[in-house]
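> Have a look at this one before I ask anything.
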Amino acid sequence: MTQSPPMWRFSGNQLKRWRTKANVSREELAAASNYSPDTIKAMEQGVRMPTPPSPGRGR
């Protein structure tokens, strides 16, 4: 298995840091951002590139 790019891991670490500092669960963040909790988890772990929702998703 290949390692994810360092920026994905850095961004994921920041996302998790901000989320936990704000005392927001993955489920709450997922609902507010129209992502699934599994997608939030993958972003935080650096497995998936953090991206804004695509047009037509969300608000």
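> Take the conditions surrounded by 11 or more Cβ atoms within 10 Å (Cβ to Cβ), modelled with pLDDT under 85 and of a type outside the set (Lys, Arg) and apply them to Gly58. Does it pass? Give the steps one after another, and end with the answer.
Values: surrounded by 11 or more Cβ atoms within 10 Å (Cβ to Cβ): yes; modelled with pLDDT under 85: yes; of a type outside the set (Lys, Arg): yes.
Yes; evaluated as a whole, the condition is true for this residue.
> Within segment 20-48, how many residues turn out to be hydroxyl-bearing (Ser, Thr, Tyr) and surrounded by 14 or more Cβ atoms within 10 Å (Cβ to Cβ)?
3
The values are calculated or read from the model by the stated rules, or taken from the named source; none is laboratory data. Model, not experiment: these values are computed from the prediction. Methodologically, a virtual Cβ is constructed for each residue, glycine included, from the backbone with ideal geometry; neighbour enumeration extends over all protein chains shown.
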